[in-house]
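Asks: One structure, as structure tokens, below. Some questions next.
The values are calculated or read from the model by the stated rules, or taken from the named source; none is laboratory data. What you see is a predicted model, and the numbers here were worked out from it, not measured in a lab. Please note: Cβ atoms are built from the backbone with ideal geometry, for glycine as well, and neighbour counts cover all protein chains shown. Only protein heavy atoms, including side chains, enter the accessible area calculation; ligands, DNA and RNA are left aside. Shrake-Rupley method; radii C 1.70, N 1.55, O 1.52, S 1.80 Å.
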Amino acid sequence: MEFDQAKNKFIQTWGALGTQWGINKTMAQIHALLMVSPEALSMEDIMGELYISRGNASMNLRALIDWGIIFKEYKTGERREYFVAESNIDELARKIAKERSKREIKPTLRVLQEVSSIEGTGTTEAAHFKTKTAELYEFVSRADSMLEKITDYKESWITKTIMKLMK
């Protein structure tokens, strides 16, 4: 496989993976492009490489900055903004985990807590519902707490732990 094919395949695959993180495909493709680029890229560079509109590029770059996984860079004498991806893979994993918790797990916990505190569990069905949703709340809450503890550690602790678990 040649470099251009490999790069394109990586960007496409990372884009598909991004949809599983809860972000759109283009946002993940921009992130992939910036991750594998040896230099910061301008919005125009990104638009040309991925064949996307200025509005699409702008909206997704802003979202990636909000996630904390890309950053703006300025070059002396240039009016354009340039973008670069978080280069530390451990830090990238931490930031993605924290964002996913904030956007997915925390709202789910609020709903589980609300629905498990129903009143009037006089029927078998209602009692079963309350028990199961309370169990789910406890499980998700423990998992989120564990995720928070893991992501609070810096450097390569996450990667080392994951690698040990995968062996």
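Asks: In the structure displayed, which of 9/72; 9/132; 7/98; 25/130; 9/106; 95/130 lie more than 31 Å apart, Cα to Cα?
Replies: Over 31 Å apart, Cα to Cα: 9/132; 25/130; 9/106; 95/130.
Asks: Quick one: pull the percent of accessible area on the chain belonging to carbon and sulfur, 1.4 Å probe, ligands and nucleic acids left out.
Replies: Its accessible area is 56 percent carbon and sulfur atoms.
Asks: So how strong a dipole does the chain carry about its Cα centre when Lys and Arg Cβ are +1 and Asp and Glu Cβ are -1, to the nearest 20 debye?
Replies: 200 debye
Asks: As an exercise, identify the GluC sites (Glu not before Pro) in region 55-120 lying in DSSP coil whose Cβ has no more than 16 other Cβ atoms within 10 Å.
Replies: In loop regions of region 55-120 (DSSP not H, G, I, E or B), the sparsely surrounded GluC sites (Glu not before Pro) are 78, 119.
Asks: Starting at 0 and stepping by 10 Å, how many percent of the alpha carbon pairs of region 1-145 end up in each bin?
Replies: Calculated over all Cα pairs of region 1-145, the distribution is 10, 32, 24, 15, 12, 6, 1, 0 percent.
Asks: Output the relative contact order of region 73-151, whole-number percent, from Cα pairs under 8 angstrom with separation of 6+ residues.
Replies: With pairs under 8 Å counted, the relative contact order is 28 percent.
Asks: Charges on Cβ only, +1 for Lys and Arg, -1 for Asp and Glu, centred on the Cα centroid of the chain; of 14, 139, 1, which one is farthest towards the dipole's positive end?
Replies: 139
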